[in-house]
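Structure, as structure tokens:
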Amino acid sequence: MVFADENEAYNTYNAYAICKGFGVRKGQKANNSKGVLRRCTFVCNCEGHSPPIPPHEQRDVYRTVKRTGCQACIKFKIKDGVWEVTKFEDVHNHPFIDDKQKHLIRSATKAYSYLCDEAGGSNNIGFTLHDCQNFLQTKRMNLICAGDCQGLINHFNYLQSNGSNFSHTFQLDEEQRLTNVFWSDGVSKLDYESFGDVVVFDITYRTNKYNMICAPFVGLNHHWKNVLFGCAFLMDKTIGSFVWAFRSFLEIMGNKAPKTIFTDQDHAMANAIRTVFPNSDHRLCIWHIGKNAMNHISHLLGKPSFRDKYWHKVLYHCESEIEMESTWKAMCEEWNLGDNKWLDNMYHLRHKWCPAFGRDFFSAGIRSTQRSESTNSVFQEMACKSMTLSEFVVHYEKQLEKMRNTEIADDFECARGKPYIMVENSGILQHAAEVYTHVIYRNFQAEFLHVLSEHVLRSETDRPLHTYIVGTGSSERKHIMHFCPSDSTISCSCKLFEMQGWLCRHALCVLTNVAKVTNIPSKYILKRWTKVAKQRTYCEDVAQSSHHAVKSKTLRLKRLMQLAFNVMNDCANHDVTEELATTTLLHLRSEVTKKMNSLIGKDHVDFLVEGNESEYVENRGIRVLDPLQRRPKGVANTRIKGATEKRKRKVSSCVEGTLHKD
């Protein structure tokens, strides 16, 4: 091929690269004796190797290594201004970037320009940026024109009917006023399939003019960041409302209950969890306990001899029930807390919040205070006293999109480069860098580096089981390890793997120093922490769904969507496979229509017709009225503030008053 100039040559190769899934850098250039350009090379952005990190900068463990020594390139010779291809090397040594991440490739400068190139010109796209803005404004007006709640339910019905796997459910009172509503979209359901082992249910927000409770269901993805599974509006904090919300969530999620659910301290909610999630471990969120502590023992938390020696130890560091009991007893005796009713109540609930009583249950590290604070930052932005339900949903969808874009960017970083490995010749760290996402790798590497201070103090053998006592010289705390060499089964008394899902320093000490293992045993790699956490096979979904007695439309749609996405992603790589997919789908649609017609009258079959949002509720004969605007005395529309925040505001008011008097 020949090109008229450098821009044409670069843009053509760059467009090809983006379609395939890699970025482009301009490489070496060669001039003749007169300084005229004669040869030029464009290379894959993974060409070459990253320079070594100087020793004084090696503390920067978050640096990623993106270059892999890829040899893919295109070379040109230039004569009389004409660029002619002399070499085209198309073999890469790294995976290509996924379609949904291609907009993050540095050489893809503008997403709209890229769409124009892909479509063969802007006239083939069919819309402009102004069209997008007009469309969104029209959709927003449709939400509120029929009345707030009526428009909201119309909108939800419309989303549920358009094939996006959106689901919602709601309750009305005797006057047809909305009391409770729950919704979740298709992506949130797929996220729940991958990360629904741990759920946080938070009811500390009142974000609308009806003073309804906003109750998001929050999880943790493979990048250790929040993910939203769904959201509910509840009229009150009664057992009935919570049971309804949990049952709605469970049904929409295909009757798959979480392993662990975190909440704040609410008796009605605890009763509802026992009813709907009897086999789930109910834990109290440490963040809420810390906030409540400021209301009851704030005079003690300011004293390091209490806070660091006792309070933080029982909250975070006790590994055994005996250690917790002795620490609590010493705390109460030293500080004369026997008559403190709040602490007495917390002691009776210790099995729900103290780590010593929850080391057998998976928490994914979600009990940390930063996790709940990041959730608060999301919903605090949406807190507004005059906000309607429809307006809240618009903001919720924006936050949802923002969180998903962040996940795509994190996936892109994981696909594009490896994290910096502090011990280069360690096989286990090399393996961890290959399978784990960057943030989980850093957690794993932190445990691995502590192996340097751990030592096997004693060992016993009772074949096939080997027992080791592991500890450090500076700590009285010792850990018991059990290891079976025949199948690489290992367990530790600290139970970090059971709680968070990666091996602890004590297990790594035995595996590396005693067993000389160079790879992480496969049974100790949780898929939810890996780069392929959300990649599922059809066989996995079928096997999982076989455990459910009721095979709902949600489960069937989820399995078909996942299978279809994988097939379509492969077919989009070439014109021939695209044509094959199109022909096959048209034939399949015809066959399915015939089969559906034959099933009418024999089985329950739902047909949904296309239409606009305003038609759905009226067509079904359901009229939804807004709740009465109410504000209980003393209850704000935003998150309830703790004692510290109230005290700061009071001090600020006093200062302002003093300045005013002066």
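The values are calculated or read from the model by the stated rules, or taken from the named source; none is laboratory data. These numbers come from a predicted model, not from an experiment. Glycine gets a Cβ as well: all are built from the backbone with ideal geometry, and neighbour counts include every protein chain shown. The accessibility values were calculated without ligands, DNA or RNA, using every heavy atom of the protein model including side chains. Shrake-Rupley method; radii C 1.70, N 1.55, O 1.52, S 1.80 Å.
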Exercise. Under 7 Å by Cβ, and 6 or more places apart or on different chains, what pairs join a residue from the stretch 269-282 that is within 11 Å of ARG247 (Cβ to Cβ) with one that is among the aliphatic types (A, V, I, L, M) and not in a helix (DSSP H, G or I)?
Worked result: PHE277/ALA257; PHE277/ILE261
Exercise. Restricting attention to the stretch 457-468, does a residue exist that is touching a residue at least 40 places away in the same chain (Cβ under 8 Å), hydrophobic (A, V, I, L, M, F, W, C) and either open to solvent by less than 30 Å² (accessible area, probe 1.4 Å) or not in a helix (DSSP H, G or I) (or both)?
Worked result: no
For this session: Could you please let me know if TYR396 is touching a Lys or Arg at 6+ places or on another chain (Cβ under 7 Å) and in contact (Cβ under 8 Å) with a residue 60 or more places away in the chain?
Result: no
For this session: Output the number of the condition that VAL198 fails; it satisfies all remaining conditions of (1) modelled with pLDDT of 90 or more; (2) crowded, with 22+ Cβ neighbours inside 10 Å; (3) touching an Asp or Glu at 6+ places or on another chain (Cβ under 9 Å).
Result: (3)
Exercise. Just a yes or no: is a residue in the stretch 327-336 outside any helix (DSSP H, G or I), in contact with a Leu (Cβ under 7 Å, 6 or more places away or on another chain) and modelled with pLDDT of 90 or more?
Worked result: no
Exercise. Which condition breaks for LYS87 when tested against (1) of a type outside the set (Asp, Glu); (2) surrounded by 11 or more Cβ atoms within 10 Å (Cβ to Cβ); (3) farther than 20 Å from ALA415 by Cα; (4) modelled with pLDDT of 85 or more?
Worked result: (2)
Seminar exercise, completed: Picking from VAL43, VAL61, the residue that is among the aliphatic types (A, V, I, L, M) and at pLDDT 90 or above would be VAL43
Exercise. Of everything in the stretch 481-497 that's in contact with a Cys (Cβ under 9 Å, 6 or more places away or on another chain) and on the phi < 0 side of the Ramachandran plot, which residue is most open to solvent (accessible area, probe 1.4 Å)?
Worked result: HIS482
Problem set entry | GLY254, sole failed condition from (1) assigned to a loop (DSSP other than H, G, I, E, B); (2) surrounded by 20 or more Cβ atoms within 10 Å (Cβ to Cβ); (3) on the phi < 0 side of the Ramachandran plot | (3)
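Conditions tested, residue by residue: (1) farther than 24 Å from THR204 by Cα; (2) in contact (Cβ under 8 Å) with a residue 40 or more places away in the chain.
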| site | (1), (2) |
| --- | --- |
| ASN255 | yes, yes |
| LEU284 | no, yes |
| TRP287 | no, yes |
| HIS296 | no, yes |
| TRP328 | yes, no |
Problem set entry | Looking only at the stretch 329-349, and only at residues there that are of a type in the set (A, V, I, L, M, F, W, C) and out of contact with any Cys (no Cβ under 8 Å at 6 or more places or on another chain), the one that is farthest from LYS303 (Cα to Cα) | LEU349
Seminar exercise, completed: Only one of ILE53, ILE105, ILE97, ILE74 is under 40 Å from the mean Cα position of the chain (by Cα), under 30 Å from ASN443 (Cβ atoms), at pLDDT 85 or above and of a type in the set (A, V, I, L, M), namely ILE97
Exercise. Based on what the data block shows, is ARG359 at pLDDT 85 or above, surrounded by 14 or more Cβ atoms within 10 Å (Cβ to Cβ) and part of a helix (DSSP H, G or I)?
Worked result: no
Exercise. Which residue, of ILE322, ILE289, ILE273, is part of a helix (DSSP H, G or I), out of contact with any Pro (no Cβ under 8 Å at 6 or more places or on another chain) and open to solvent by 40 Å² or more (accessible area, probe 1.4 Å)?
Worked result: ILE322
Problem set entry | From the options ASN345, ASN295, residue that is part of a helix (DSSP H, G or I), loosely packed, with under 13 Cβ neighbours inside 10 Å and modelled with pLDDT under 90 | ASN295
